[in-house]
Structure formats: C-alpha cells, structure tokens
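Enquirer: Submitted below is the structure of interest, expressed as structure tokens.
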Amino acid sequence: MKSTGRDSVNSNPRPAVLTDFDDTAAVQNVAEMLLTKFGDPTWQDVRRRFREGEFTLNQYQEITFRNIQAGRATMQGYVKQNASLRPYFKEMWRYCQDRQVPLAVVSQGLDFYIEALLEKEGCGSVPVHAVNTRFDAQGINYEYRYAVPGKEELGNSKGVVVDSYRNQGHYIVYVGDGMSDFEAAARADLVFAHRVLADECERKEIPFRPFTDFGGVLQAVKELTGGLARNGVGPLTEHSDVEEAR
Ligand SMILES: [Mg+2]
C-alpha cells in the first residue's frame, strides 16, 4: 500500500488531507470538555472501563453522552466559547480550497460539536466524517455511516474513510493522535502523529512526522502541490524529504 503513495508522488500527486479532531484539529479534547461540564460524574469510570476493553469506543461514547445535562445548542455554545482550532488549520484550509485539495475532518466524535468549532473559526464548510447525531425528546440518536461492512456494531472506521479518498486516487496525508487513528495512519502515504499515535507508529514501524500544529502539514501540502517550486523547493526535493521521514 505504501508503494502506491510513492508512485503517486513520482507522477502527479493529488493530496488529500485527513485530520482527526479531538486533541488534533482542536487543541482540546472537546468530547471530554463537554462531559466534564455537562456529563454524569461517572463518565470517567466508563472511560476507564473502555480503556480496559470492556466497551467499544462507540459504546463508551453513547453511554457517557446518554445522561448529559444539556441540549445541542447549549453544548455548541459552550464549545464555541471554550475550544479552539490548532494554529495554521485555517491557513491550511484556505490553501487547500485555492488548490482544490480535499481537506476533511475524520473523527470518532460527534458531528455537532465538531461543526460548532469549525463554524466559529470560519471553517464551517470543511467536510466532517464523524458520528452523525440527531437530537429528539428522548435524547441523542447515533448514525454510523463509515462502518466496516459486517462490523457495524463497532461503529465507524477511520480506515473506511481513508480508503474512500484513496479510491479516488488521492495521496493521503493523515494527521492524528490516538489509537483510533492507527488504522488510518497505517493506510496513509504521509503521517503526522503525536501522543499515543506517535508511540504506536514507532512500535509498529510506521514512518511519521511529529505533529505540533498545522504549519508542518501545510508546508508538506505546499510541497506536494508544487506550491514551493518558485522558491526552488519543488516536488522532487520534497519527495526525498518524504522518503527521509519514512
Ligand atoms: Mg484525537
């Protein structure tokens, strides 16, 4: 799978940038921010049981958000007041729009809080591949549109989203921080990782570049699209950089 990406760099790469949301595109873990503010106090116990393997990720999320003491608008308002996008995300979105480079958020989180932050930061048209929610009098209804066929009970798979972009011929730039990002990172052509994902990539010998903010990601996308050629740093030079980072 890796060689596919290298081949596409050699010809004419058509990058697509896919980024995780909580702790990556967003500075904060917005899901946990909401649970801390509005959730049942037992949510951290449920998180511990999820980490010990008792619950799947989607079960953990549905259980903890079941008893949340706030409606959609209240939570969105709280996100807009208290969360922020990581530096250079907006600049990268503008560059990607100018160059017709797809950029999307790929998250195991819930669409309403992701969309709230993107909207606040003027990035409301960024596509979001996350858990789709619908609020009614009984609570939150969940829809998983990116499940692996036959494994719907596990909820969404980030690998399914990566594959959908890859199948359109894109060179996948993936940015993430957690264990749920690993299946995506393993399928990507260029990985930016921090925290748990960086540790896991190291353990599994998946090459990655360290992630701190989107400045480095933007630089890589500019190089891939030839945007730095005027400065004498063209795609071929970039290609060797990519190889060194692997
Ligand atoms: Mg994350």
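Quick note: the coordinates plus some simple rules give every number you see, no bench work behind them. In this text the structure is predicted, and so the values were computed from the model without any measurement. Using ideal geometry, Cβ is built from the backbone for each residue, glycine included, and neighbour counts are taken over all protein chains shown.
Enquirer: Go through 83, 206, 184 and say which Cα lies farthest out towards the positive end of the charge dipole of the stretch 2-245; charges sit on Cβ, +1 for Lys and Arg, -1 for Asp and Glu.
Expert: Ranked along the dipole, the leading option is 83.
Enquirer: Something else: Would you work out which of 26, 58, 43 lies farthest towards the positive end of the dipole of the stretch 14-65, given +1 charges on the beta-carbon of Lys and Arg and -1 on that of Asp and Glu, about the Cα centre?
Expert: About the Cα centre, the residue reaching furthest to the positive side is 26.
Enquirer: Run through the stretch 61-162 and list the GluC sites (Glu not before Pro) located in a DSSP loop whose Cβ has at most 16 other Cβ atoms within 10 Å.
Expert: Here no loop site has a sparse enough neighbourhood.
Enquirer: Now for a different question. Report the antiparallel proportion of the DSSP beta bridges in the chain as a percent, rounded to a multiple of 5.
Expert: 30
Enquirer: Once you wrap a convex hull around the alpha carbon atoms of the chain, what is its projected area averaged over all directions, in nm²?
Expert: For the chain, the mean projected area of the Cα convex hull comes to 13.3 nm².
Enquirer: In debye, nearest 20: dipole of the chain around its Cα centre with unit charges on the Cβ of K, R (+) and D, E (-)?
Expert: 360
Enquirer: Next up: Compare the peptides 68-74, 207-213 by average per-residue count of other Cβ atoms within 10 angstrom and give them in order, highest first.
Expert: 207-213, 68-74
Enquirer: So for the pair residue 74, residue 32, with labels modelled 7 Å out along Cα→Cβ, what separation do we get in nm?
Expert: The modelled label-to-label distance comes out at 2.3 nm.
Enquirer: Right, here's the next one. Which whole number of Å³ per residue matches the convex hull of the alpha-carbon atoms in the stretch 24-104?
Expert: In the stretch 24-104, the Cα convex hull volume per residue is 119 Å³.
Enquirer: A further question follows. At R0 = 22 Å, how high is the FRET efficiency between residue 202 and residue 148 if r is their beta carbon distance? Nearest 0.05 is fine. Show your work: numbers first, answer last.
Expert: Numbers: r = 26 Å, r/R0 = 1.17.
With R0 = 22 Å, the Cβ-Cβ based efficiency is 0.30.
Enquirer: With everything on Cα atoms, drop me the angle between helix 57-66 and the longest principal axis of the chain, reported from 0 to 90° to the nearest 10.
Expert: That works out to roughly 40 degrees.
Enquirer: Compute the semi-axes of the equivalent ellipsoid of the stretch 93-206, taking the square root of 5 times each eigenvalue of the Cα gyration tensor, and list them largest first in whole Å.
Expert: Semi-axes (√(5λ), whole Å): 23, 20, 14.
Enquirer: As an exercise, use a Förster radius of 25 Å and the Cβ-Cβ distance of residue 40 and residue 135 to find the FRET efficiency, rounded to the nearest 0.05.
Expert: So the FRET efficiency works out to roughly 0.90.
Enquirer: For every helix of n ≥ 4 consecutive DSSP H residues, a contribution of -39,500 (n - 2.57) applies; sum these over the chain, divide by its total residues, and give [θ] at 222 nm rounded to the nearest 500 deg cm²/dmol.
Expert: Value at 222 nm, helices only, nearest 500: -13000 deg cm²/dmol.
Enquirer: Which of the lysines could a cross-linker span from residue 151 if the Cα-Cα distance has to be under 27 Å and same-chain partners fewer than 8 positions apart are dropped?
Expert: Straight-line reach from residue 151, under 27 Å: 2, 204.
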